[in-house]
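The values are calculated or read from the model by the stated rules, or taken from the named source; none is laboratory data. Note that the coordinates shown come from a computational prediction; the quantities given were computed from them, not determined experimentally. Don't worry about glycine lacking a Cβ; one is built from the backbone with ideal geometry, like all the others, and counts go over all protein chains shown. With ligands, DNA and RNA removed, areas are computed over all heavy atoms of the protein, side chains included. Shrake-Rupley method; radii C 1.70, N 1.55, O 1.52, S 1.80 Å.
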Amino acid sequence: STNFRAELRAMDALSPEPRRWLFADLLKATAAINSVPVAALIGSARGRQFTVQRWRCFYIGRAELGLSYSQIGRLFRRDHTTVIHRVRRYGEIADDPEERALRKRIKDTATLIADGNFVHEAADDQPQ
């Protein structure tokens, strides 16, 4: 939606760290790599294929982009306490080599998306 895109742009503009990719690119990359629509990541779907991806986005948003728990919660339509809990929970597995490799792949893909060098036939509901 327009409000969602505006919120993404506003949060990306406030990011303390310069980077080549934005939170919207992170969502697109996560969705593309896992073959799920962005709407499922930010929606209320509770299947494990969505929840773990969502937690990973929470974690990257917090650890890599410096977003507040409240900012992440607004983007995902969740209370900030939910985000706090899930970031901590994901932190328990974050050092696993497979998880680190997957986060790197997501960030690399987000960079490709930001640079306009990633082509993926995905659902139409991804934020622009």
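Odds and ends about this structure:
- Karplus 3J(HN,Hα) series, Hz, for region 103-108 with 6.51 cos²θ - 1.76 cosθ + 1.60 (x for Gly, Pro): 4, 5, 4, 5, 5, 5
- Heavy-atom accessible area order for T81, T30, largest first, 1.4 Å probe: T81, T30
- Charged side chains reduced to their Cβ positions (Lys and Arg at +1, Asp and Glu at -1) give region 32-97 a dipole of some 300 debye around its Cα centre.
- Counting only heavy atoms of the protein chains and using a 1.4 Å probe, D115 has close to 60 Å² of accessible surface.
- With DNA, RNA and ligands ignored, accessible area of F76 (1.4 Å probe; Å², nearest 10): 0 Å²
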